[in-house]
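First comes the structure, then the notes that go with it.
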Amino acid sequence: MADILSLDIQYIKGVGPMRARVLQKELGIATLGDLLYTFPYKYIDRSRIHHVVELTEDLPYVQLRGQILDFEQAGVGTKKHIKAFFSDGTGVIELVWFKGLKFVENTYKVNQPYIVFGKPQRYGRRFSMAHPEIEKADEADAHPTPLQPFYTMTDGMRRASFSSKTLQKIIRNAFEILGDQLNETLPAYLLERHQLKGLQESLFNVHFPTDSMALPEARRRLKFEELFYLQLDILSQSTQRKSDSKGFVFGQVGCAFNDFFYHHLPFPLTDAQKRVIKEVRKDMRSGKQMNRLLQGDVGSGKTVVALMCCLLAIDNGFQACLMAPTEILAEQHFATLRRMLEGMDLNVALLTGSVKGKTRKNILQQLKEGEIQLLVGTHALIEPTVVFQNLGFVVIDEQHRFGVKQRAKLWEKNLQPPHILVMTATPIPRTLAMTVYGDLDVSVIDQLPPGRKPIRTIHYDERDIGKLYEGMRVELRTGRQVYVVYPLIEESERSDLLALETGYARLCEVFPDFSVGKVHGKMKPQEKDEAMQRFINKETQILVSTTVIEVGVNVPNASVMVIEEADRFGLAQLHQLRGRVGRGADQSFCLLVTHKNNLSETTRRRLGVMCETTDGFVIAEEDMKLRGPGDIEGTAQSGLPFKLRIANLVGDTILMSEAREAASKVLKQDMARNLPQNAVIWHQLGQLKNGVIDYSAIS
Ligand code: ADP
Ligand code: MG
């Protein structure tokens, strides 16, 4: 049966050497198996035939049944096109072609019954359809496709006059060759337990869904299989790794930790913080190397958790380091940690790109000799010149700014890899995190320190800007500070910077009694730092900036975050920005400003979500719903051992958990991989791993 799946597509009816080359080049489809696993990206309901009189502009694709009354050639040279007047008895629309004119002339005839399918658009009084799909009515009647699948088409394929329909026909022929020779790839007991349809049936139904029930069932089965093997692979690797990689054992809780906990900790820890510290301690004692992701919303108090874990390492005779993505952040961490550790006999140092000359030399020397116990810095820490005497624990803040490779470099700073704690405020659903980061364990701080008032978020239309200024003034008068953030994207950089400058000038005018500073990406790093520093020192009360402040800056005295052109920011970004205020016990505000008269439905929803909730997890979920998996999906996919062809990491989280549980059970019950009922599983996994099954990669 492996033979049938690896059959060269050129031998399938309707393909031949020419088309085989196109399919291979454009979509990487080389074999019959590739073809079967090339899934439609959408389906359109074709059970309904519309009438010309009922057409409106907001209709999506529709089909009409009627005849061509007449053709007309128009335009010259590259503008040349063909029009056909198509009537169904209730009215007339124009069909228009700009390409493939020869084909149109030779194929379509007047006064023949056709079904045409396309998106109607109004031009003047009449509707028109560009490049419609046309089928002879009697043929369409013979092969009804209530749900028509659509396959990815590339320009190259269109040039070779491939259509989604052609591909579907070829796939139909492939199924004819296949017959019932396809072997099941999941054991019967799993199919039964998870109520899944067979492979053959599911594959067929995904290409030729006969009714609206068969399709979701087929898709569920195929997705489950993908996710199951994905999880099986990830889980078996992490089990392997955990048994392989030894970790330093931090057996004791010593004086640094205890002294800090009992005498220096400025506030009681939240239960969530305590729980995470416990989880880390358990890892550090286990004898295995820790790789842990710490997720906690902005302001949830990750820093102190990181610090206490560093103290554990120090108590056991190891050095620790904390790496931040920017100099400002590294400096802030350094200042915070020093303040918290005041009065304790610990040697903490800061190393960034701007620490130079003698100071730098000294730090490197002391680090090597083990005198520095805790080093805070930027990626300057991963340079080869930075040598630790005995690095045992690494904290990485705001992980999404660091690549996996950079992380790996830190591992090599000791003979045996140090324990690693990666901290992020970007909430990712748990299953997704475990899948993307493979063998990272996940801890969550799901609780804010007590006494925090939820930030009040208000949406202002430009017309209400006066009210907004009033609000700002009230806060400024009580000694508070205000951020005003402008969007900046490369494509519209000039006009964006202009908007920022204009806004800056206007604020200077409106608030002559306060001083206004600005920071943006086009300033020199030193200028930026100085402007930030002035704000931190309260020399400026209002800071106008682009999103350079997005990550981690901590100015607890700032209580207002104004976000200009809020409609241009994504939800996740808005949430990150808002997290820059509300870091103390007082009421803080986030003011979203928009300047457009008619905001789109999604934008309204987005701003609405911001005004309704401050819960990062709720926002992350809404974000995915509104935006689709997008970014996360992209980065996530690139780290996977196999490419997902039908399942979706973000959209299919429930099925993913189900698949993960199933995979975990199989691994536990069949460690030796020799239970007869699982033979098909291990065989299939082996095939996938060896790339024997490589249903190519469309990307
Ligand atoms: P983030 O998780 O965003 O990095 P931080 O660690 O910067 O958050 O903490 C935000 C603020 O909350 C800091 O000012 C910190 O001192 C304070 N904080 C942290 N934990 C607690 C706690 N348990 N009780 C009160 N305040 C806390
Ligand atoms: Mg932080």
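The values are calculated or read from the model by the stated rules, or taken from the named source; none is laboratory data. The structure presented is a predicted model; accordingly, all values stated were derived computationally and were not measured. Note that each Cβ is placed from the backbone with ideal geometry, even for glycine, and that neighbours are counted across all protein chains shown. These area figures cover heavy atoms from the full protein model, side chains too; ligands, DNA and RNA do not enter into them. Shrake-Rupley method; radii C 1.70, N 1.55, O 1.52, S 1.80 Å.
Condition check: within 27 Å of residue 642 (Cβ to Cβ) and not basic (Lys, Arg). Does residue 44 satisfy that?
Considered against the rule, which asks whether it is within 27 Å of residue 642 (Cβ to Cβ) and not basic (Lys, Arg), residue 44 comes out as no.
Select, from 179, 118, the only residue that is modelled with pLDDT under 95 and either surrounded by 18 or more Cβ atoms within 10 Å (Cβ to Cβ) or touching a Lys or Arg at 6+ places or on another chain (Cβ under 7 Å) (or both).
None of the other options fit; the residue is 118.
When only residues in the range 274-303 that are of a type in the set (Asp, Glu) and at pLDDT 90 or above count, which is farthest from ligand 2 (Cβ to nearest atom)?
Only one residue fits best here, namely 283.
When residue 266 is evaluated against the numbered criteria (1) under 19 Å from residue 337 (Cα atoms); (2) crowded, with 23+ Cβ neighbours inside 10 Å; (3) within 11 Å of ligand 1 (Cβ to nearest atom), which criterion, by number, is the only one it fails?
(2)
Given the conditions (1) surrounded by fewer than 19 Cβ atoms within 10 Å (Cβ to Cβ); (2) farther than 30 Å from residue 39 by Cβ, report the number of the one that residue 238 does not fulfil.
Condition not satisfied by residue 238: (2).
Against the condition open to solvent by 10 Å² or more (accessible area, probe 1.4 Å) and either out of contact with any strand residue (DSSP E or B) (no Cβ under 9 Å at 6 or more places or on another chain) or farther than 21 Å from residue 210 by Cα (or both), how does residue 150 come out, does it pass?
So residue 150 does not fit the description; no.
Is it the case that the range 538-545 has a residue that's within 21 Å of residue 333 (Cβ to Cβ), open to solvent by 10 Å² or more (accessible area, probe 1.4 Å) and either out of contact with any Ser or Thr (no Cβ under 9 Å at 6 or more places or on another chain) or of a type in the set (Lys, Arg) (or both)?
yes
Considering only residues that are basic (Lys, Arg) and either in contact (Cβ under 8 Å) with a residue 40 or more places away in the chain or open to solvent by less than 10 Å² (accessible area, probe 1.4 Å) (or both), look in the range 284-300 and name the one that is farthest from ligand 1 (Cβ to nearest atom).
Step by step, filter the range 284-300, then rank; the result is 288.
Within the range 646-672, take every residue that is among the hydrophobic types (A, V, I, L, M, F, W, C) and in contact with a Pro (Cβ under 7 Å, 6 or more places away or on another chain) and give me the one that is nearest to residue 239 (Cα to Cα).
Going through the qualifying residues, I end up with 649.
Here is a list of conditions, (1) touching a strand residue (DSSP E or B) at 6+ places or on another chain (Cβ under 7 Å); (2) closer than 19 Å to residue 55 by Cα, and residue 97 meets all of them except one; can you say which number that is?
Condition (2) is where residue 97 drops out.
Could you check the range 457-546 for strands (runs of 3 or more DSSP E) lying wholly inside it with 2 or more residues that are in contact (Cβ under 8 Å) with a residue 40 or more places away in the chain and β-branched (Val, Ile, Thr)?
481-485, 542-545
Please specify each residue of the range 304-326 satisfying the condition of being touching a residue at least 60 places away in the same chain (Cβ under 8 Å) and within 15 Å of ligand 2 (Cβ to nearest atom).
305, 306, 309, 310, 322, 323, 324, 325, 326
Those residues that are at pLDDT 85 or above and in a loop (DSSP other than H, G, I, E, B), I need them from the range 418-445; list them, please.
The one that is at pLDDT 85 or above and in a loop (DSSP other than H, G, I, E, B): 418.
Only one of these is buried (at least 22 other Cβ atoms within 10 Å of the Cβ) and in a strand (DSSP E or B): 375, 367. Name it.
375
Quick one: in the range 441-465, of everything that is away from ligand 1 (no atom under 16 Å from the Cβ) and open to solvent by less than 40 Å² (accessible area, probe 1.4 Å), which residue is nearest to residue 235 (Cα to Cα)?
457
In the list 233, 211, 271, 244, which residue meets the criterion of being modelled with pLDDT of 90 or more, surrounded by fewer than 22 Cβ atoms within 10 Å (Cβ to Cβ) and acidic (Asp, Glu)?
Sole residue among the options that is modelled with pLDDT of 90 or more, surrounded by fewer than 22 Cβ atoms within 10 Å (Cβ to Cβ) and acidic (Asp, Glu): 271.
How many of the residues making up the range 247-259 are within 39 Å of the chain's Cα centre (by Cα) and farther than 15 Å from residue 280 by Cβ?
0
Just a yes or no: is a residue in the range 571-589 assigned to a loop (DSSP other than H, G, I, E, B), under 14 Å from residue 452 (Cβ atoms), modelled with pLDDT of 90 or more and away from ligand 1 (no atom under 12 Å from the Cβ)?
yes
Based on this model, can you work out whether residue 266 counts as under 30 Å from residue 346 (Cα atoms) and assigned to a loop (DSSP other than H, G, I, E, B)?
yes
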